[in-house]
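Written out below as structure tokens is the structure these notes cover.
The values are calculated or read from the model by the stated rules, or taken from the named source; none is laboratory data. Being a predicted model, the structure only gives us computed values, none of them experimental. Reconstructed Cβ throughout: ideal geometry from the backbone, glycine too, with neighbour counts over all protein chains shown. When the accessible area is computed, the model is the full protein with side chains, heavy atoms only, and any ligands, DNA or RNA have been set aside. Shrake-Rupley method; radii C 1.70, N 1.55, O 1.52, S 1.80 Å.
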Amino acid sequence: MSMSTTTPAQPDTAPALLVTPVPVASTPPATLSAAVAPAAPRRSRPPQRDGKVTGQPAFVLHSYPHKETSLIVDVFTRDYGRIALVAKGAKRPHSQLRGVLQTFQPLQAGWTGKSELRILTGAEWVGGMLPLEKTALLCGFYLNELLVKLLARDDAHPVLFDHYVATLNQLAHNEPAPIVLRKFERALLKETGVAADLTRCTGTRQAVETGQVYVVDPERGPRPARASDAWPKITGKTLLDMESEDYGDAATQAQSKLLMRFLLAHQLGGATLNTRQILIDLMQL
């Protein structure tokens with residue numbers, strides 16, 4: 001399945017995505033970190049001269065038309081986070097940028113300017129990653145939609161960037177999509193500072209017990225479930241499995257899917273995820 005649009009960060013616009021992947025040589029999938037500490041220190045940004053940046057690792061999240069011949073491209077960079085770039089002339093038939101600014105392709109990007117909307121000065125395709133196809137492609141759009149809606153601009157997340165690269169590799173190599181997505185969702189909430197410790201009860205700080213049943217307060221963390229709770233009820237084993245990234249148990253997979261859907265919906269504040277609904281309809285991911 002292919003898809004050419006995704007929902008942008010602003011709910012009243014619908015930017016068009018450039019999605020044609022280019023086949024490249026296969027490389028082994030990257031390995032995800034065992035855990036992402038919410039308070040992990042940020043990597044310092046490379047120095048800039050007059051607002052000019054060159055050679056920055058980046059991925060296109062989405063793009064949309066700007067004036068007659070240009071595009072505004074939303075990119076996720078390793079050291080500068082999510083930023084918006086004006087790609088002048090990129091819509092022209094013979095523009096070199098036209099074939100480069102594609103989703104899910106690793107780029108080396110450069111830009112100039114210090115305002116929220118910077119000017120793209122160059123983009124070079126790096127290669128080394130398999131293209132996403134069929135369901136993996138739709139999962140990639142889901143990742144991009146999450147990043148657009150949950151990442152603030154100009155907020156560097158180098159650890160999350162590495163998770164994103166690893167996740168694309170895992171999807172391209174046909175690793176189980178539900179497990180790959182759960183790990184990325186959890187990493188995203190951790191890296192943006194809104195994921196609670198799933199091994200401790202909120203308030204009491206008592207250790208979560210495998211055989212007990214809990215709910216997870218999106219603002220505070222786990223607590224013992226009550227009969228009146230409408231939130232998803234999750235076993236302690238599932239919470240501990242999620243914290244250690246062990247999704248081998250079928251019950252853990254099923255419960256973690258419900259929990260992450262609930263937690264993400266809270267963080268999105270009611271905004272819908274178009275790709276999530278399509279995934280649910282197609283394969284109950």
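Residue-wise test of (1) closer than 22 Å to Pro158 by Cβ; (2) out of contact with any strand residue (DSSP E or B) (no Cβ under 6 Å at 6 or more places or on another chain); (3) free of Cβ contacts under 8 Å to residues at least 60 places away in the same chain.
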residue: Ser63; (1), (2), (3): no, no, yes
residue: His66; (1), (2), (3): no, no, yes
residue: Val73; (1), (2), (3): yes, no, yes
residue: Asp79; (1), (2), (3): yes, yes, no
residue: Gly110; (1), (2), (3): yes, no, yes
residue: Glu116; (1), (2), (3): yes, yes, yes
residue: Leu120; (1), (2), (3): yes, no, yes
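The combined condition, being closer than 24 Å to Leu258 by Cα, among the aromatic types (Phe, Trp, Tyr) and open to solvent by less than 30 Å² (accessible area, probe 1.4 Å), is fulfilled by Phe184. Being open to solvent by less than 80 Å² (accessible area, probe 1.4 Å), touching a residue at least 60 places away in the same chain (Cβ under 8 Å) and touching a Leu at 6+ places or on another chain (Cβ under 6 Å), is that true of even one residue in the stretch 193-211? Yes, there is a match, as at least one residue in the stretch 193-211 is open to solvent by less than 80 Å² (accessible area, probe 1.4 Å), touching a residue at least 60 places away in the same chain (Cβ under 8 Å) and touching a Leu at 6+ places or on another chain (Cβ under 6 Å).
Only one of the numbered conditions (1) out of contact with any strand residue (DSSP E or B) (no Cβ under 9 Å at 6 or more places or on another chain); (2) surrounded by 15 or more Cβ atoms within 10 Å (Cβ to Cβ) is not met by Ala227, and that is (2).
Please verify whether Leu132 is touching a residue at least 40 places away in the same chain (Cβ under 8 Å) and either part of a loop (DSSP other than H, G, I, E, B) or surrounded by 20 or more Cβ atoms within 10 Å (Cβ to Cβ) (or both), treating the condition exactly as stated. Criteria met by Leu132.
Within the stretch 103-126, if we keep just the residues that are of a type in the set (D, E, K, R) and assigned to a strand (DSSP E or B), the residue that is farthest from Asp162 (Cα to Cα) turns out to be Arg118.
Scan the stretch 203-237 for residues that are within 15 Å of His266 (Cβ to Cβ) and part of a loop (DSSP other than H, G, I, E, B) and the total you get is 7.
Criterion applied to Pro46, Pro38 was being under 21 Å from the mean Cα position of the chain (by Cα), within 28 Å of Thr167 (Cβ to Cβ) and at pLDDT below 95, and the one residue passing it is Pro38.
For Leu147, the criteria (1) surrounded by fewer than 20 Cβ atoms within 10 Å (Cβ to Cβ); (2) in contact with a strand residue (DSSP E or B) (Cβ under 7 Å, 6 or more places away or on another chain) hold in every case but one, which is (1).
Tally up the residues in the stretch 237-258 that are open to solvent by 70 Å² or more (accessible area, probe 1.4 Å) and in contact with an Asp or Glu (Cβ under 8 Å, 6 or more places away or on another chain), please. So the count comes out to 1. Could you list, in sequence order, all residues of the stretch 105-124 that are of a type in the set (Val, Ile, Thr) and open to solvent by less than 70 Å² (accessible area, probe 1.4 Å)? Passing the criteria: Thr112, Ile119.
Within the stretch 70-102, restricting attention to residues that are among the polar types (S, T, N, Q) and not in a loop (DSSP other than H, G, I, E, B), the residue that is most open to solvent (accessible area, probe 1.4 Å) is Gln96.
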